[in-house]
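Please read the structure below before turning to the comments.
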Amino acid sequence: MKTETHEEAFEVHKKTIFSWGLNIEGIDKSQRIVGLHAARGIMELLSLYLHRKKLVKAGFQLNHSWFKSKKIFEKLPDFDNKQEIVKKLVELENLCEILTYGKKKPVETTQKAVTLFIELEDILRRLP
């Protein structure tokens, strides 16, 4: 996948969370929107970084569900802040899983996922 495609996909996920989910529906009604888009969006941004740095081959595609455990740490190439990023990605994926499926969760759970999304975007955008 071209880096531009990863960037575009990230922006779609981000826009869905913030424009539709939070601004239109409100955080108290956006549990599933955030759950469906936060981890997937960050995967696009991480893929973008890995491709730009040529740490993965063309055609390599991350799957958000790989981040349900820290075993993913072994599958990824080394990169700056890998430990911190993977830890946050595992936390985000697990939060998104409980937000997407099952009954309504406290709004703080949705807010935590949004906060992690923002933190991860900031970290990934600042990587050299």
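Structural remarks
- Any hit, the range 8-17, residues being under 20 Å from Asp122 (Cα atoms), touching a residue at least 40 places away in the same chain (Cβ under 8 Å) and of a type in the set (Lys, Arg): yes
- Residue within the range 44-62 that is closer than 23 Å to Lys29 by Cα, of a type outside the set (Lys, Arg) and either in a loop (DSSP other than H, G, I, E, B) or modelled with pLDDT of 90 or more (or both) present: no
- Every pair of residues 6+ apart whose Cβ atoms lie under 8 Å, when the first sits in the range 80-91 and is assigned to a helix (DSSP H, G or I) while the second is acidic (Asp, Glu) and crowded, with 18+ Cβ neighbours inside 10 Å: none
For every residue, the table says whether it meets (1) among the aliphatic types (A, V, I, L, M); (2) touching a helix residue (DSSP H, G or I) at 6+ places or on another chain (Cβ under 6 Å); (3) over 15 Å from Gln111 (Cα atoms); (4) surrounded by fewer than 18 Cβ atoms within 10 Å (Cβ to Cβ).
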site	(1), (2), (3), (4)
Glu4	no, no, yes, yes
Phe10	no, yes, yes, no
His13	no, yes, yes, no
Glu25	no, no, no, yes
Gln31	no, yes, no, no
Arg40	no, yes, yes, no
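- Some residue of the range 68-79 being more than 23 Å from Leu127 (Cα to Cα) and assigned to a helix (DSSP H, G or I): yes
- Of all residues in the range 13-33, exactly one satisfies the criterion of being under 21 Å from Leu45 (Cβ atoms) and not in a helix (DSSP H, G or I), namely Ser30.
The values are calculated or read from the model by the stated rules, or taken from the named source; none is laboratory data. Keep in mind that what you see is a predicted model, and the values were worked out from it rather than measured. Every residue, glycine as well, gets a Cβ built from its backbone with ideal geometry; the counts of neighbours run over all protein chains shown.
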